[in-house]
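Written out below as structure tokens is the structure these notes cover.
The values are calculated or read from the model by the stated rules, or taken from the named source; none is laboratory data. Source: prediction; values computed, not measured. Positions of Cβ are backbone-derived with ideal geometry, glycine not excepted, and every protein chain shown enters the neighbour counts.
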Amino acid sequence: MGRVKILPEDVRKKIAAGEVIERPSSVVKELIENSIDAGASRIVIEIEDGGKRLIRISDNGEGILSDDLPLVIHRYSTSKLYTREDLSNIRTMGFRGEALSSIASVSILEILTRSREEETGRMIRVMGGEIKEDREYQRQVGTTVVVKNLFYNYPSRRKFLHSANAEFRAILGELIPRFISFPGIQFELYHNGQKIYHLLPGSLEDRISNVFGYDFLKDFLPFETEGDEIGVMGYVQKPNVKSPRKYYLFVNRRSVWNPSVMKFLQNVYNLPAGERPSFIIFFDIQPHLVDVNVHPQKKEVLFIDEHRVLSKLGSAIQEIIGEAGEYRIELVSSSETPLFPDDEHALFWQVHNSYILTQTKRGLVIIDQHAAHERIIFERLLSEPEFPTQTLLFPIQLTFSPLEIQKLREIEGVLKRFGFRFRFVSGNSVIWEGVPAVLDNASEDSLRDMVREITTENRTGLEKVLESIACHSAIKQGDPLSPEEMSSLIEQLFSTRNPYTCPHGRPTLIEITLEELETKFRRR
């Protein structure tokens with residue numbers, strides 16, 4: 001008797017339906033999760049033209065029974081749940097029975113499979129949701145799903161797909177969380193015949209290092225706490241290090257997003273608005289304590305007892321963060337009215353070679369010298385018509401992740417326009433031969449940091465590049481300044497269009513009024 005069933009009406013009504021195939025990355029996500037649910041230990045992903053022309057996912061999982069194969073392209077057909085009660089005990093990645101039906105309706109779909117229980121396999125070919133070919137097929141145990149010409153029958157949707165590079169980056173955005181969450185599975189990824197990843201089974205630490213680079217975890221603190229119903233472990237950003245801007249949250253190994261967790265972490269780290277600590281966090285929660293059926297694409301989950309979950313996370317992280325010291329104080333908003341009195345002899349003090357303190361009309365102001373200089377350089381660069389190159393005496397060769405390489409290729413022209421000179425070599429390596437002349441010191445670390453900043457976000461245009469250049473060429477925390485240099489820095493800051501924030505949106509200064517001081521000293 002087959003395993004695949006059409007869900008009854010009462011179960012369909014309970015499902016947050018609406019599985020929508022928006023782009024190639026949606027297809028890849030659903031097919032990869034099917035392979036994981038099938039118990040595969042090896043998954044091969046082949047992509048052509050960013051997934052617009054071809055997506056092929058092959059696995060060595062349990063396969064599909066021959067009699068079940070025609071059913072899998074029907075909506076609400078699944079082998080993962082059968083009753084309403086099953087919805088409160090979901091342990092698989094997929095469960096709604098909509099993915100293959102949705103894919104079949106917008107592509108030319110081929111499924112080639114053989115179950116462990118059968119001697120021969122079966123193949124079906126589907127166009128526009130209808131089976132056009134159905135025959136026996138010889139293959140090893142497992143399943144291969146081939147998706148060709150996505151949206152061939154919906155030209156209005158196909159024209160809204162992005163470039164091949166952009167679509168492939170979106171695919172990587174779906175794959176990397178699965179690579180991390182399932183380190184025991186061997187993954188192979190190819191794009192246009194080029195091998196991008198070949199990840200062997202191993203530990204979680206090994207997998208993270210293989211995906212992001214072997215020095216990635218040096219800026220993270222590991223933590224782990226167990227519990228009967230809720231356990232949590234993972235890695236959080238070290239205090240007082242620059243964020244690599246990686247945010248991965250897993251609930252029972254499902255990659256999800258939860259705004260409450262992010263807000264909670266910002267509060268733990270005591271960060272200003274707009275800044276986020278990086279993390280890779282795994283929750284292991286009994287299924288009845290989490291609802292994974294609240295979002296059509298299963299991207300969010302609902303914790304039945306959110307306070308309990310966050311308390312568990314908080315106790316673990318606060319302990320490890322407390323051992324490493326305070327992160328940074330909370331910044332307060334500054335007034336946007338003029339601050340300085342008309343006094344040419346105003347005194348300046350440098351605090352810890354990082355902050356400039358001076359008297360204002362209403363009290364005092366503390367200026368972040370690095371953020372202030374960033375703003376000055378950024379606006380100066382915006383007004384420059386061109387960016388001269390400083391040739392490196394000794395070229396620097398760096399290796400990046402496949403995702404970073406894809407983004408570098410996409411913005412290669414922008415970077416070269418603004419003074420960078422580099423070329424791609426084999427093995428995801430790049431040789432840097434020149435940098436913008438405004439950069440006084442170019443090192444391996446600074447170049448690596450700049451590339452990661454520029455390629456982290458989708459916004460990779462002019463301003464993003466200039467933000468990174470300004471950040472790396474600005475005065476650093478710890479640099480001593482003379483009174484004349486402090487005075488010049490402040491004068492230049494207040495001649496910019498937006499002196500109150502750096503290009504990244506962080507405050508350049510905070511003001512403390514006399515009223516606030518008097519309140520602190522209990523004079524009011």
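Which residue, of 466, 439, 489, is of a type in the set (A, V, I, L, M), assigned to a loop (DSSP other than H, G, I, E, B) and closer than 30 Å to residue 358 by Cβ?
Sole residue among the options that is of a type in the set (A, V, I, L, M), assigned to a loop (DSSP other than H, G, I, E, B) and closer than 30 Å to residue 358 by Cβ: 439.
On the given criteria, is residue 73 among the hydrophobic types (A, V, I, L, M, F, W, C) and at pLDDT 90 or above?
Here the answer is no, as residue 73 does not meet what is asked.
Only one of 176, 208, 171 is outside the structural domain of residue 52 (by TED's automatic domain parsing) and under 26 Å from residue 452 (Cβ atoms). Can you tell me which?
208
Just the residues that are assigned to a helix (DSSP H, G or I) and under 27 Å from residue 54 (Cβ atoms), please, taken from the range 180-213.
Across the range 180-213, the qualifying residues are 180, 181, 207, 210, 211.
Please go through the range 134-176 and give me each residue that is among the basic types (Lys, Arg) and out of contact with any helix residue (DSSP H, G or I) (no Cβ under 6 Å at 6 or more places or on another chain), ordered by number.
The answer is 135, 139, 148, 157, 158, 159.
Give me the pairs, please: first residue somewhere in the range 352-379 and in the same structural domain as residue 467 (by TED's automatic domain parsing) and touching a residue at least 24 places away in the same chain (Cβ under 8 Å), second residue anywhere and among the basic types (Lys, Arg) and surrounded by fewer than 23 Cβ atoms within 10 Å (Cβ to Cβ), beta-carbon distance under 8 Å, and either six or more positions apart or on two chains.
From the range 352-379, the pairs are 368/506; 370/476; 371/506; 379/497.
Tally time: how many residues in the range 128-142 are under 26 Å from residue 152 (Cα atoms), acidic (Asp, Glu) and free of Cβ contacts under 8 Å to residues at least 24 places away in the same chain?
Adding up the residues that qualify gives 2.
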